[in-house]
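The values are calculated or read from the model by the stated rules, or taken from the named source; none is laboratory data. These figures come from a predicted structure and were not determined experimentally. All Cβ positions, glycine included, derive from the backbone under ideal geometry; neighbour counts span all protein chains shown.
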Amino acid sequence: MCGSNRCGCRHDYPERGWIQFLMLRILYEKPMHGYQLLEEIEEKSCGCHKLEPGSIYTLLRRMEERGLLESNWEKTEGGPDRRVYNVTKSGVEALRLGLKSIAQRKLLFDDLAHFYREHFEKKNGGEK
């Protein structure tokens, strides 16, 4: 597992757009309640992104209002009931389209990174 000091991130909170794709991806694999989702986001981001519980529940409610998620109450023994979130068909389609866009952008960024390495990294001290 990677630690938060090694990930190289320079900000505390991710942009809302991609955090929603990450939430959809996690919930697509396994429906879960909000606190579990907080832990999964932190783990998948190598500790770089720790959302506040209020923030994640606000995002979950908004995503549910937009039809991307649905939730049901789960009874627990010895504790409070929990709201478990599932991705809807609309959520799956939004995830598919969003990830397609991310994959296309990654190709562009990979090309730009390759250009950088070829033309600026360690070549004549990095200067042209």
Checking residue 67 against (1) part of a helix (DSSP H, G or I); (2) in contact with a Gly (Cβ under 8 Å, 6 or more places away or on another chain); (3) modelled with pLDDT of 95 or more; (4) not basic (Lys, Arg): exactly one of these is not met. Which one?
(1)
Within region 89-106, restricting attention to residues that are aliphatic (A, V, I, L, M) and surrounded by 10 or more Cβ atoms within 10 Å (Cβ to Cβ), which residue is modelled with the highest pLDDT?
92
Specify the residue that is nearest to residue 60 (Cα to Cα); the eligible residues are those in region 74-93 that are in contact (Cβ under 8 Å) with a residue 12 or more places away in the chain and among the polar types (S, T, N, Q).
86
Given 5, 72, which one is at pLDDT below 95, at negative phi and more than 15 Å from the chain's Cα centre (by Cα)?
5
For region 36-53 the number of residues that are farther than 22 Å from residue 90 by Cβ, in contact (Cβ under 8 Å) with a residue 24 or more places away in the chain and part of a helix (DSSP H, G or I) is 1
Looking at residue 107 and the list (1) touching a strand residue (DSSP E or B) at 6+ places or on another chain (Cβ under 9 Å); (2) without any contact (Cβ under 8 Å) to a residue 12 or more places away in the chain; (3) part of a helix (DSSP H, G or I), which single condition is not satisfied?
(1)
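Which one of 26, 56 is part of a helix (DSSP H, G or I), at pLDDT below 95 and either in contact with a Lys or Arg (Cβ under 9 Å, 6 or more places away or on another chain) or surrounded by 14 or more Cβ atoms within 10 Å (Cβ to Cβ) (or both)?
The conditions single out 56.
In this structure, does residue 86 turn out to be more than 19 Å from the chain's Cα centre (by Cα) and either surrounded by 11 or more Cβ atoms within 10 Å (Cβ to Cβ) or of a type outside the set (Asp, Glu) (or both)?
Values: more than 19 Å from the chain's Cα centre (by Cα): no; either surrounded by 11 or more Cβ atoms within 10 Å (Cβ to Cβ) or of a type outside the set (Asp, Glu) (or both): yes.
The answer is no for residue 86.
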